[in-house]
Amino acid sequence: MQAALKINYAKIVFSLLGSIALSLIAYLDYLEANYLAFLITAGMTLTIIANALYLAVRRDKSQFMHTKWLFILILGGASALASTQDQGQNIYWIYFYAFAAMFLFPMKKALFLLFGYAPLALYLIFNFVPPLEQPQVIFTFITMSTVAIFLAVVKSRTNKLLEPLISKDLETGAHKEKFLRQALGTEITRAEREGTALTLMYFQLKPGYRTIKKTHTSFLQQVASAINEILRPFDQFYRLQQDGFAVILPHTTTSEAIIKANGMLKNISHSKHKKNIQLGLASLNVGDTADTLIFTAKQDCKYV
């Protein structure tokens, strides 16, 4: 199973658990006849469920790009609406905005959203919260926002520290290109010692080919899935600088590699982008190194 799919399954489970918790809160609000809070919580629940369903039924398992924006807009509008009711008794909704922004968006975009929301939060506090409670609410809002920013910084730094240790590309499940030469060198040494064949296969998109990022990623995931279905347990494949894949095929001659390549191409569903795929092969010869095999495979790339 590809790493990207595992991550999306985790997102589906997380979304379902979150929707269950929010639906229980919505039900309690309904029983207490707090219909405004019920509508707010129900709206966020439906948004999370929609995201989970989208991730479950989409073939490429890509993230629904509008869900996080819809959720943050609902939360921002709902917090403003709730705070105006019952003499500011529902002002606590403004505390969740910072955590939602930092959790859903990259740091710079989250900070922009938070600082953009701050004037609205202050307006709600000064106009709908009793004067004696205003300092406490402001302090709590600032504290919660600071904690959210701190956690976001910790998450960002942790991701940067862990990134060099992650060997696989999260979108496609392929190994990262920086590990290709080392692995290929190991296979060359093994093939020369055992006297067996070794072929390096390149699947590469047309140089300069680009499309909408979401479509581009989706098509690369289709190609990766097609490659993964054909690979044997000892074969390895690597993602190449966002635009292709290298496949190491031990115990495989050029003719056998061509048969495998045709099988991989058949596994790619019909797509107008399929015509942009280039295939290159390089078989191990005496004196070859990882660099020479990679160079030969690149030079051999042609449309299929």
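The values are calculated or read from the model by the stated rules, or taken from the named source; none is laboratory data. Note that this is a predicted model, so its numbers are computed, not measured. Note that each Cβ is placed from the backbone with ideal geometry, even for glycine, and that neighbours are counted across all protein chains shown.
Which ranges mark the helices (runs of 4 or more DSSP H) fully within segment 177-269 that have 1 or more residues being modelled with pLDDT under 85 and among the β-branched types (Val, Ile, Thr)?
Values: elements: 180-194, 213-230, 254-266.
Of the helices (runs of 4 or more DSSP H) lying wholly inside segment 177-269, those with at least 1 residues that are modelled with pLDDT under 85 and among the β-branched types (Val, Ile, Thr) span 213-230.
Any chance segment 89-108 includes a residue that's in a helix (DSSP H, G or I), on the phi < 0 side of the Ramachandran plot and exposed (fewer than 12 other Cβ atoms within 10 Å of the Cβ)?
The first filter runs over segment 89-108 and keeps only residues in a helix (DSSP H, G or I), leaving 91-104, 107-108.
Still in the running and on the phi < 0 side of the Ramachandran plot: 91-104, 107-108.
When the remaining residues are screened for being exposed (fewer than 12 other Cβ atoms within 10 Å of the Cβ), the result is 108.
Yes: one or more hits.
Here is a check on your reading of the model: is Ala78 under 21 Å from the mean Cα position of the chain (by Cα), buried (at least 17 other Cβ atoms within 10 Å of the Cβ) and small (Gly, Ala, Ser)? Taking the combined requirement at face value, the residue does not satisfy it.
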